[in-house]
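I have placed the structure first, in the form of structure tokens, so that the comments after it can refer back to it.
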Amino acid sequence: MSDLALKIENVSAGYGETVVLNNISLEVHKGERLAIIGRNGVGKTTLLATIMGLTNLHSGSIALNGKPIMHLPTHVRARSGLGLVPQTRDIFPSLSVEENLISGMRGDASLDEAYELFPRLKERRSNGGGTLSGGEQQMLAIARTLLGKPEVLLLDEPLEGLAPVICDMLLDVFEQIAKSGSQTVVLVEQHTGLAVNFADRVIIIDGGEIVHAGTSQELVENPGLLERHVGVGLMEAN
Ligand SMILES: Nc1ncnc2c1ncn2[C@@H]1O[C@H](COP(=O)(O)OP(=O)(O)OP(=O)(O)O)[C@@H](O)[C@H]1O
Ligand SMILES: [Mg+2]
């Protein structure tokens with residue numbers, strides 16, 4: 001049996017007739033941490049959305065655990081083991097924290113798991129989702145997705161717009177989630193330094209194409225690669 005969690009081959013996709021992603025191929029191994037980085041508007045969100053079936057796939061294939069999923073509707077992909085925390089967070093503002101969490105629960109998941117990772121959510125469990133701070137909403141979006149027990153967790157810029165102290169706290173949580181070795185994590189991030197620190201491998205996207213794929217170590221040793229493809233070095237990128 002292959003140890004591939006996700007395999008994307010020659011994928012071109014976009015919105016309607018518009019093509020945003022061009023001939024993307026990538027593999028993510030089980031338990032691996034992959035970071036996807038790149039400037040604004042290069043197609044990072046579109047790539048995660050395409051994996052979830054939320055865009056128009058023009059060509060190519062997507063397999064989860066060796067099984068083709070590209071013709072399955074989004075909710076079936078989610079049930080098959082994909083969990084997306086969208087850039088827009090998408091919590092239910094009129095439901096309480098607890099109700100939001102329950103809406104994401106699957107199988108033997110329990111609220112306590114979410115509250116253990118995020119004690120702040122337990123304190124605010126009766127509050128409306130819409131009354132939470134940005135950081136708390138992100139915690140809720142992450143916790144809700146985790147209660148769906150995804151084999152592959154897709155995180156779309158989870159640190160965007162959050163205070164450094166919250167970013168550190170979320171990175172700790174990602175560390176805890178990933179360290180078991182069985183959770184596959186795909187992290188899209190503009191905080192390039194943090195992403196490279198967290199990930200085993202990094203993919204750089206530009207203009208809807210993969211312009212570099214390699215280990216995190218390689219990027220640390222060749223800062224020119226980041227400079228060329230993202231326009232920033234590792235230091236400023238943090
Ligand atoms: N729903 C949509 N309909 C049409 N075009 C879209 C849609 N969403 C995104 N695009 C376009 O697709 C391209 C890639 O956008 P995408 O959101 O994937 O970039 P991104 O790398 O995630 O950027 P950011 O870092 O700002 O989040 C952009 O040109 C964008 O305008
Ligand atoms: Mg995006």
Inset, instruction - Mind pulling the per residue volume of the convex hull built on the Cα atoms of region 1-64? Å³ is fine. - result: 76 Å³
Inset, instruction - Provide, in order from the shortest bin, the percent of all Cα-Cα pairs of region 42-105 in each 5 Å bin, continuing until the bin that contains the maximum pair distance. - result: 4, 15, 24, 22, 17, 11, 6, 2, 0
Inset, instruction - Among DSSP beta bridges lying fully in the chain, give the percent that are antiparallel, nearest 5. - result: 60 percent
Inset, instruction - Starting from the exponent 0.38 and prefactor 2.2 Å, build the expected Rg for region 1-127 from its residue count and divide its actual Cα Rg by it. - result: 1.21
Inset, instruction - Determine the calculated [θ] at 222 nm for the chain from helices alone, applying -39500 (n - 2.57) to every DSSP H run no shorter than 4 residues and normalising by the residue count; nearest 500 deg cm²/dmol. - result: -10000 deg cm²/dmol
Inset, instruction - Would you mind getting me the FRET efficiency between Thr18 and Arg106? Use the beta-carbon distance for r and R0 = 25 Å, nearest 0.05. - result: 0.15
Inset, instruction - Compute the separation of the alpha-carbon centres of region 147-215 and region 26-51 and state it in Å as a whole number. - result: 9 Å
Inset, instruction - Rounding to the nearest 20 debye, state how big the charge dipole of the chain is about its Cα centre with +1 on each Lys and Arg Cβ and -1 on each Asp and Glu Cβ. - result: 560 debye
Legend entry - Gain upon complete extension [Ala163, Glu175; 0.36 nm per residue less C-alpha separation]: 2.5 nm
Legend entry - Length added when fully stretched, Ser182-Glu123, from 0.36 nm per residue minus Cα-Cα: 18.3 nm
Inset, instruction - Rounded to whole Å and sorted largest first, list the principal axis extents of the Cα atoms in the chain. - result: 46, 41, 37
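Give me the Kirkwood hydrodynamic radius of region 117-194 in Å, from all C-alpha pairs, to one decimal place?
Here the Kirkwood hydrodynamic radius works out to 13.2 Å.
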Legend entry - Phi-based couplings in Hz for region 175-181 (Karplus 6.51, -1.76, 1.60; Gly and Pro marked x): 4, 4, 5, 7, 6, 4, x
Inset, instruction - State the three equivalent ellipsoid semi-axes of region 74-139, derived from the C-alpha gyration tensor as the square roots of 5 times its eigenvalues, in descending order and whole Å. - result: 20, 15, 10
Legend entry - Label point 7 Å beyond Cα of Thr131 along Cβ direction - residues of region 71-112 with amide nitrogen under 20 Å: 90-103
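Over the chain, what relative contact order in percent results from Cα pairs under 8 Å that are six or more residues apart?
25 percent
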Legend entry - Cα convex hull volume per residue for region 176-238 (Å³): 88 Å³
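Each value in this text was obtained by applying a stated rule to the coordinates, not by laboratory testing. Keep in mind that this is a model prediction, so the values were computed, not measured. As a convention, Cβ positions derive from the backbone with ideal geometry for all residues, glycine included, and neighbour counts pool all protein chains shown.
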